[in-house]
Each structure stands twice: as C-alpha cells, then as structure tokens.
Amino acid sequence: VTASQVTLSGWHASSQAANKPYEWLIVLDNNGQELYRQEITDKGLGRNDVQNVYPYIEGANKSGFQVTMNIPTKMQGHLVRFIHRLTDDKDGNGNFIDLSSNPVLVNLQYNLNANGINRYILNNHINHAAITVNHVIPSDTTDVYSETEDGKPNMVVVHETANPNDSIWGEINYEKANYNKAFVHAFVDGNQIIEISPTDHEAWGAAYPANGRAVQFEQVEVYGANNFARELVNAAYYTAYKMNEYGMIPSLAQANGTGTLWSHHNVTQYIANGKTDHTDPDGYWANRASRYFGTSYTMKDFFELVKYEYSHL
C-alpha cells in the first residue's frame, strides 16, 4: 500500500475454476459493501510451487496473478477486504468463486505537526508503556455490552479523574472498594497503563447508553511537560489498542451517535440525555497544555495521536 495505490499478488487455484476465464479484484468495506472492482488482466502467471502442493487441481501451475489499483477517496483510512474472483461473466458477476484477504487498513492518515504537544511527542520519540492487566474488579460485575448488536464495544470513552492530588494506585484502590457505584476499565498516567476490568464487559463510567457501548479509561492528573506528554501517548496507545482489538477504526464522536473516539464531554453533549453532565477531559487538557506548552489540546489533537498509534500497531 502506498499513498495512492495498492498492489496485490498471489495465487488462486480451484477445482471449480473450469469455464471461469475472467478474474476480478473486488474491494469490500468492513460492512461487506462493495467499494471498488477492477478486472485482473495480469493472470495465468506460473506457479509451479502451487502445482507441487496441489497437483490434483487443474491449472494450479498457472494460478498466479498480480494487479495494481488506484485508491479511491472512499477507501482512504478504511478497513477493507480484497476479493479475488474467478467468474464466467465478463463484468465480474455470474457464476464465481471468491478468495478473500484478511482485513487491510488503507492509509489511515494523521498529522502530528499541527499541535505543539504532538510535535513534542514526535520529535522526542516518546513511546508508550506496556499494558499491565490487573483485574481488581470482579468479572461478573457486568455482562457484555447491552447497547451493541454483537455484545462488543464500538467506541472508547476518554475520562479524567478531576482529582489533583491522587496517584494511579490511589484511584485504582478507590474503585476496587467502590465498584458497585462506578468504575472504568483502565487507568493511565505518565508511566503506566493498568487495566483493572475486562473490556469484554461493560464498565460504569459515563451513563447509558455509553456504558453499554464503550471501553472506558481514566487519566490521572499528572504534572510536568514530559509527564503530561507521556500520559497522552499512553492514553492514545490504549485507545488504539482497544479499537484494533474490537475492529474499530478511529473516528471522532458525532452528534448522531456515530464515531469511535469519545470524551466524557462528548457523551454529555450527544447521547446522555441529561444522565451525566461531565465535561472531562477538556479542562484538564486545556490547563496542562497552556501551563507547560503555551498551547491548547483538544479531542481533535488527541484524535491525530490515536491515529498515529493505531497506524503503528
């Protein structure tokens, strides 16, 4: 995959290939909708290695193909599957045999240079911490996600503790003792990412319907420019990691309830219907960004960092 093109090569040998002289490349989005198709003309390439393994498949020795396609705008930044199709129809339909690729993320574009803190992160090569799993919240506290069709999360909610004097373990121990009232899945600071509850189950951090849709984590309030920058990297990495785990593509929260990246403030604005009034992490980010870097930091800036981390998983 380059900025403007995708090149694929491989082989497709099938005992059902007789009378199917046409070969097509078809691209589907994550929901199975067709985005693009192109006939493959560079086909019938020699593949004696395939013949050696599958000598009983007629034509296996000429089952190779390759194709280069220009990337349409609607494919940029999206998760897609590539289909190689053998068919008896010149337009790529008719009777066919399909072979599907694994999901491929096409050019998720990001820009870390537009914000001073993201530039600082990039220029100083700040890397994320490893995720420590320490599930102190009982796994049977909640069930799978009640607001999604498949019981899996489809968004990530970013929180901030609003406690200027506590440590990551102080916060974790408090939730361990009070989880029947509220809890999130994980906490981050400048040095650690600690997951305290399994993300296959709901957390109680942002009211419903967000609780029934979202992986949720808290940022502990930290001090110092480098410490704050490292916390943002840890937060972005955990967000990207969980998005990738559950098949989400990074996208900002929208008023219609779509999007995969949400702040608690977004939940309040768009889907809570008065069940929560929190505005985090806006104030915390604004304070630290101004205090240590003389700039601002918003969900749009964090979104660029999440895309960067997602692209480097």
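The values are calculated or read from the model by the stated rules, or taken from the named source; none is laboratory data. Because the structure is a prediction, the values reported are computed rather than measured. Using ideal geometry, Cβ is built from the backbone for each residue, glycine included, and neighbour counts are taken over all protein chains shown.
Taking region 83-102 as the region of interest, how many residues are more than 15 Å from A17 (Cα to Cα) and modelled with pLDDT of 95 or more?
The initial filter retains those residues of region 83-102 that are more than 15 Å from A17 (Cα to Cα), namely 83, 91, 100-102.
Still in the running and modelled with pLDDT of 95 or more: 83, 91.
Qualifying residue count for the region: 2.
Of G224, G257, which residue is surrounded by fewer than 19 Cβ atoms within 10 Å (Cβ to Cβ) and closer than 25 Å to F183 by Cβ? Break it down into steps so the answer makes sense when it comes.
Details: G224 fails: closer than 25 Å to F183 by Cβ.
Just one listed residue meets the conditions, G257.
Go through region 74-113 and count every residue that is within 19 Å of N30 (Cβ to Cβ) and among the small types (G, A, S).
3
I'm checking my understanding of the structure. Among residues of region 18-39 that are over 28 Å from S311 (Cβ atoms) and crowded, with 18+ Cβ neighbours inside 10 Å, which one is farthest from the chain's Cα centre (by Cα)? Talk me through it step by step, then tell me what you get.
Taking region 18-39 and keeping what is over 28 Å from S311 (Cβ atoms), we get 18-24, 39.
Filter once more, keeping what is crowded, with 18+ Cβ neighbours inside 10 Å: 22-24.
Working: Y22: 35, E23: 32, W24: 29 Å.
Top of the filtered list is Y22.
Which of the residues that make up region 55-75 are surrounded by fewer than 19 Cβ atoms within 10 Å (Cβ to Cβ), of a type outside the set (S, T, N, Q) and not in a loop (DSSP other than H, G, I, E, B)?
K62, M69, K74
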